[in-house]
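Notes follow the structure.
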Amino acid sequence: MHNLRRGFRNVWRSKVRTAIVALLVGLALSLGVTMMALDSAVADQLAGVEASVGTELEIRPVGSFGGFGRGEPLFMDVLNGLEDMPTIVEISPVIVYQYMPKMSGLGGREAIEEVMRQRMAVMGIVPEQPLRVFGGGVAELTEGRLFTPEDNGSLVVIVGTEYAEQNDLVVGSMLLLDETEYEIIGLAEGEHRFANSTVFLPFQTAQLAFAMEDQMTQAYVTVDMLPNVEPTIAMLRDAIGEQADVVSQAEATLERVAQSMDMVRGTTSVGLWLAIATGGLVIFFTMLLTVRERQKEIGVLKAIGSSNGDLLVGFAWESVVLSVVGAVVGIILFVTVGQFLASRLMANIVSTPAVTQGVVTPGAVEGVVGQIRGGGGRGLFSGAGSIAGFSMAGGSISSQLGDVAVNFSAGLLARLLAVALGLGLLGGLLPALYALRLRPAEVLRNE
Amino acid sequence: MNNAIELKNVSKLYSVKGNIVEALQKVDLSIPSAVFASIVGPSGSGKTTMLNIMGGLDRPSKGEIYLAGQPFHKLSETELVAHRRRLIGFVFQSYNLIPNLSAIENVELPLEFARSGNTRQRALACLEMAELPTSRHKHRPNQLSGGEQQRVAIARALANDPAVILADEPTGNLDSKTGNQIIALLKRLTEQEKKTVVIITHSPSIAVETMLTAEMLDGTIDRTVNRQK
Ligand SMILES: Nc1ncnc2c1ncn2[C@@H]1O[C@H](COP(=O)(O)OP(=O)(O)OP(=O)(O)O)[C@@H](O)[C@H]1O
Ligand SMILES: [Mg+2]
C-alpha cells in the first residue's frame, strides 16, 4: 500500500517531465483509441452487413437471375435429400408468378386501368412458412389467418393490403384468378409497397393454378449460421450439379464489402500496434531515465530495508500511473479531436467505390419497385426481376454503411485502460529489473 | 556471543581491468555490544569497504562476518535484506534522505518496509530521540539544514530499533559545532539505548570521543585503540 502511494507520488517529482511524457503517451494512445474506434466501427458495419445478408441461399433455374419463372423449369426433385444436410435448417420452395388478367373485349382506357389494378405478383408459399415476398422480406398477417397444411391445394388466398384496398377486397370475399374463384382467408402487409400488392397462394394451389405440377420457380435454403453459408453453397452445388444454380442473395456484395473492410481493419491494426509501441517506448525510456537518476536513492532504499518486491511494486506502479495519466490525456485528445477525425475517415472509407459498387441504395430499390408498379404494359417485369433479385439485401447494406458513428464507448475506455496498464507494466519492467540489480554498496559509493 | 560485530579473516578484492585491488586484507575485528566505535585511516585505506561488509551492503571475497550472532557471509540475498532491516541502521555522509518525502515520512520508510504498524508513532519517538524539533517534522529534506537532515537520518536508522548503527563519515558535511552535536547524539544512543555505533571519521578529535578506534592502513587494521575503562 505504501509502495503504491510512494510510486504515485514519485510520478509528480518532475512535473514538467511528467507533463511532456503524458502528452507524448497521450498522443500515441489517442491515435491508438482512434484505431480501436475505427476498427470496432468497421466490425459493427461488417456484422450489420452480414446480418442483413443473412444465412439464406436461393436455388434457381439455370441461367435465371431469379424472378418470374424465367429460364428452365425447376423440378421439385432437385430438392430431394437436401434436408439431410446438417447445416440446412429449412428449405422453402416457392412459386413466383406475375399474373395479368386478360383484357376484356371492350379495350380502351378503362379496360387498361382495370387490368393494371388487377394484375398481381403471386407467391406460392408452403403452408406454415413465412409469407415471402419476391425481392426480399416477408409479409406479416394483419387480418384473418395463415395457411394450414390442409389448405394446400384448396382455393384460398392471402392478399396484400394495398391490393385488397384497390380492389375492394376483405377477408371472406372472393378473388377471381384465371376464371377460378379463391376465398380470401387473410390480409398481409410487408415492408414495402411491392409486398402489399402481392397475393399469396398455398404452394400446391399455386402449382395447380399455373400448371406447374412438380415444379417451383425457386427455393430458399436457410443455413444454420453465417460461417456455414460458404461450405453449404459448395455442398449444394455439388449435390445439385447442372440442374439449378445456387446463389447467395448478396454473396458478391458481401464479399466486396468484407474485402475492403478487412483492408481497413488491417490498416487500423497496424496503426494501433504502432501507437502502442510508441507509447510503450516513451514509458520505457522515461522509466529507464528515472531509475538511472535515482540509482543512489535505490541504494539507500535497499540499505534501509526495502525488499526487491517492494521496489518492484513501487516502480511498476509508478510506471502504470504514468501510463494511465497518458491514457487520460489520450482520452481528452480523442474526444476533442480524434473522434471527429475517425468519423471523417470512416465516412471516406464507406464511400469508396469498392464498398458502394454493386450496392443498390434503398432509393434505387424504391425506384425499381415504383417502376414495376407504374411501368405500364410494355415488357412490364422484363429486367426488373434481375435488379430486384439482389436488391433488398443490397439496399440494407448501403443504408447500414450510410450512418457511421465513431464514438467513445465504455468498451473502448476499458480497452484503453487495459492497454495503458499493459504499457505501464511492460514499459516499466526492464527499468525496474535494472533497479533490482543495483548493488547498494556500489551506488552509494559515489558520494 | 557478546560481540555485536565480529570480522574474521575478511578480505575484499576488486579487479579492475585485470588489476586486482585488495581493499581489505585478512581483517580481524571485534566490536562489543553497546560500544561507540570509530574507524580512522587515510583515504583509500578500506574504511568504507569494511563498514559496507559489516552492514551486509557488500559481500566479502573471503572470511566470516557475524553481526548480532548472524553469519552474514552465509546468508542468501533475501535473508540478508531481512536481517539488515532488523539489525542495522545506516547513516551516510550526505544524509541520503528521500527528497519528496517529509522528515517524518522518511523515518516511517524502514517501518513500512518492515511491515510494522503504528509507523507514525514510532517515527515520532525516533525523531524525538534524534532531537529534531517538532516544527521540522513535516519539512522536506531541502527545507532542512545539514544538521537537521542528519538528525532525520539518524532517526530513520533507529526506526526498526536495530542493535547496530553504522555511519560513514556522518559529520563529513557538517561544521565542527554541528558535527559535535551529532557525535554527542550518537554517543547517547550507545549509553541510553545500548546501541552499538560504528562511525568512520577523519577527525582525530572525534575519534578520541569513541571507546574503540580501529586505525586502517592499506586494507589492514594497523592498530586498535581501546579507551574503555
Ligand atoms: N567497486 C570498486 N571497484 C574497484 N575498486 C574499488 C571499489 N570500491 C573500492 N575500491 C577500492 O578499494 C579501496 C578502498 O576503498 P574505500 O572506499 O573503502 O576507502 P576509504 O577508506 O573509505 O576512503 P575514503 O576515506 O576516501 O572514503 C580503494 O583503493 C578503492 O579504490
Ligand atoms: Mg569511504
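For segment A:21-140, please list each of the strands (runs of 3 or more DSSP E) lying entirely inside it that holds at least 1 residues being modelled with pLDDT of 90 or more.
Details: elements: A:56-61, A:88-99, A:120-125.
Per the criteria, A:88-99, A:120-125.
Annotation note: Cβ proximity below 6 Å between a residue of segment A:159-183 that is among the aromatic types (Phe, Trp, Tyr) and a residue that is open to solvent by 30 Å² or more (accessible area, probe 1.4 Å) (sequence gap 6+ or interchain) occurs for A:Tyr182/A:Leu155.
Only one residue in B:Ile221, B:Ile182 is crowded, with 20+ Cβ neighbours inside 10 Å and more than 16 Å from ligand 1 (Cβ to nearest atom). Which one? Only one candidate passes the filter, namely B:Ile182. For segment B:3-21, give me each residue that is away from chain A (no Cβ under 14 Å) and within 16 Å of ligand 2 (Cβ to nearest atom). None - no residue of segment B:3-21 is away from chain A (no Cβ under 14 Å) and within 16 Å of ligand 2 (Cβ to nearest atom), so the list stays empty.
Taking segment B:98-107, which residues are at the interface with another protein chain (Cβ under 8 Å from one of its Cβ atoms) and open to solvent by 10 Å² or more (accessible area, probe 1.4 Å)? Even if it seems obvious, please write down each step before you answer.
Restricting attention to segment B:98-107, the residues satisfying the condition of being at the interface with another protein chain (Cβ under 8 Å from one of its Cβ atoms) are B:98-101.
Across segment B:98-107, the qualifying residues are B:Pro99, B:Asn100.
Among the criteria (1) in contact (Cβ under 8 Å) with a residue 24 or more places away in the chain; (2) more than 16 Å from ligand 2 (Cβ to nearest atom), the one B:Glu105 does not fulfil is (1). If you go through segment A:117-148 and keep only what is under 15 Å from A:Leu175 (Cβ atoms) and acidic (Asp, Glu), you end up with just A:Glu143. Entry remark, segment A:275-313: residues being within 14 Å of another protein chain (Cβ to nearest Cβ), in a helix (DSSP H, G or I) and more than 46 Å from the chain's Cα centre (by Cα) number 16 in total. What are the residues in segment A:145-167 that are farther than 26 Å from A:Leu57 by Cα, outside any helix (DSSP H, G or I) and open to solvent by 50 Å² or more (accessible area, probe 1.4 Å), if any? The answer is A:Arg145, A:Leu155. Number of residues in segment B:209-229 that are in contact with a Ser or Thr (Cβ under 9 Å, 6 or more places away or on another chain) and either in a helix (DSSP H, G or I) or free of Cβ contacts under 8 Å to residues at least 60 places away in the same chain (or both): the value is 4. Considering segment B:49-77, the residues that are on the phi > 0 side of the Ramachandran plot, under 18 Å from the mean Cα position of the chain (by Cα) and more than 14 Å from chain A (Cβ to nearest Cβ) include one that is nearest to ligand 1 (Cβ to nearest atom), namely B:Ala68. The residues of segment B:78-91 that are facing chain A (nearest Cβ under 7 Å) and touching a residue at least 60 places away in the same chain (Cβ under 8 Å), listed by number, are B:Arg85, B:Phe90. Scanning segment B:43-65 for residues that are more than 16 Å from A:Glu442 (Cβ to Cβ) and either open to solvent by less than 10 Å² (accessible area, probe 1.4 Å) or not in a helix (DSSP H, G or I) (or both) returns B:Ser43, B:Gly44, B:Ser45, B:Met54, B:Lys62, B:Gly63, B:Glu64, B:Ile65. With respect to being open to solvent by 10 Å² or more (accessible area, probe 1.4 Å) and not in a strand (DSSP E or B), B:Ala23 falls outside the description.
Taking segment B:22-48 as the range and being away from ligand 1 (no atom under 16 Å from the Cβ) and either within 14 Å of chain A (Cβ to nearest Cβ) or acidic (Asp, Glu) (or both) as the test, only B:Asp28 passes.
The values are calculated or read from the model by the stated rules, or taken from the named source; none is laboratory data. Only a predicted model underlies this, so the values are computations on that prediction, with no experimental measurement involved. All Cβ positions, even for glycine, are placed from backbone atoms using ideal geometry, and neighbour counts span all protein chains on display. Remember, those area values only see protein heavy atoms, side chains included, never the ligands or the DNA or RNA. Shrake-Rupley method; radii C 1.70, N 1.55, O 1.52, S 1.80 Å.
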